[in-house]
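Worksheet: the structure to be examined is printed underneath.
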Amino acid sequence: MEAVILNHPLVTHKLSILRSKKTGTKEFREIVGELSEFLCYEALKDAELEECEIETPLVKMKTKRLNENKYAFVPILRAGMGMIDGVLNVIPNAKIGHIGLYRDEETLEPHKYYYKVPKDIENREVIIVDPMLATGGSAVDAIKMIKADGAKKIKFLCMIAAPEGIERVQKEYPDVQIFAAALDEKLNEKGYILPGLGDAGDRIFGTI
């Protein structure tokens with residue numbers, strides 16, 4: 001599947017604020033939430049609706065609704081938590097899982113320290129969220145764990161992606177579609193995205 005990169009003036013505007021080193025923690029966190037909503041809207045373009053009957057103030061009518069219980073959001077800790085409020089604004093009743101990964105600063109490879117997802121994850125559409133898709137290591141590991149638990153439909157949402165990260169995910173898991181607010185130029189020698197926005201976790205939680 002081709003990666004979906006949001007192309008909208010408001011997204012570009014929000015990203016320009018997000019990237020600026022002058023943007024403070026509160027504003028940074030708020031914009032991550034707003035962009036997460038935009039990404040979630042885009043990721044749900046193929047959502048299946050179920051027929052139901054409601055009553056307006058005037059008449060009864062047949063309409064369609066989303067079955068929110070069919071979805072699970074899984075943030076990659078810790079930065080992914082910054083996206084949860086935004087996506088929950090779109091699907092408030094979705095279940096939440098958590099995957100804890102940290103990156104070895106020398107090898108750039110991820111290591112797992114926590115994993116907990118809804119018990120019926122195999123029956124849900126799983127949306128993994130992490131602000132940055134850099135080397136793709138964390139994304140690939142998270143997808144592998146969730147697939148091992150039986151999940152069949154998985155999507156990945158991020159603020160900014162590097163070509164290297166997209167390429168790795170698509171090579172190893174071509175059935176997982178990536179949604180990003182921006183596709184940046186490349187990774188530097190330390191595995192950070194350029195031009196990027198710095199360390200998303202540090203900026204979300206104010207631990208710079």
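The values are calculated or read from the model by the stated rules, or taken from the named source; none is laboratory data. As the structure is a prediction and not an experimental result, all values here were calculated from the model. Here Cβ is always computed from backbone atoms with ideal geometry, including for glycine, and neighbour counts include all displayed protein chains. The accessibility values were calculated without ligands, DNA or RNA, using every heavy atom of the protein model including side chains. Shrake-Rupley method; radii C 1.70, N 1.55, O 1.52, S 1.80 Å.
Structure notes:
- Residue match in segment 34-49 (condition: in a strand (DSSP E or B) and modelled with pLDDT of 95 or more): no
- Contacts under 7 angstrom Cβ, first residue in segment 134-160 being more than 22 Å from D184 (Cα to Cα), partner open to solvent by less than 30 Å² (accessible area, probe 1.4 Å) and in a helix (DSSP H, G or I), 6 or more apart: I146/I121; D149/I121; G150/I121; A151/I121; I154/I143; I154/I146
- Only a single item in (1) in contact with a strand residue (DSSP E or B) (Cβ under 9 Å, 6 or more places away or on another chain); (2) open to solvent by 70 Å² or more (accessible area, probe 1.4 Å); (3) at pLDDT 95 or above; (4) not aromatic (F, W, Y) is not met by E167, and it is number (1).
- Among (1) open to solvent by 40 Å² or more (accessible area, probe 1.4 Å); (2) in contact (Cβ under 8 Å) with a residue 40 or more places away in the chain - the single one I96 does not satisfy: (2)
- Within segment 170-208, the set of residues being open to solvent by less than 70 Å² (accessible area, probe 1.4 Å), hydrophobic (A, V, I, L, M, F, W, C) and over 15 Å from A134 (Cα atoms) comprises V176, I204.
- Against the list (1) open to solvent by 30 Å² or more (accessible area, probe 1.4 Å); (2) assigned to a helix (DSSP H, G or I), the condition T135 fails is (2).
- Scan of segment 72-89 for residues that are out of contact with any strand residue (DSSP E or B) (no Cβ under 6 Å at 6 or more places or on another chain) and either surrounded by 20 or more Cβ atoms within 10 Å (Cβ to Cβ) or in a strand (DSSP E or B) (or both), ordered by number: A79, G82, G86
- Top-ranked residue of segment 158-191 - restricted to ones that are part of a loop (DSSP other than H, G, I, E, B) and out of contact with any Lys or Arg (no Cβ under 9 Å at 6 or more places or on another chain), ranked as nearest to L35 (Cα to Cα): D184
- In this structure, A181 does not satisfy being of a type in the set (G, A, S) and over 27 Å from R19 (Cα atoms).
- Looking only at residues of segment 9-55 that are more than 17 Å from the chain's Cα centre (by Cα) and aliphatic (A, V, I, L, M), we find that the one that is farthest from D184 (Cα to Cα) is I54.
- Neighbours by Cβ (under 6 Å, 6+ apart or cross-chain): first from segment 100-124, surrounded by 13 or more Cβ atoms within 10 Å (Cβ to Cβ); second polar (S, T, N, Q) and not in a strand (DSSP E or B): L101/S138; L108/T135; P110/S138
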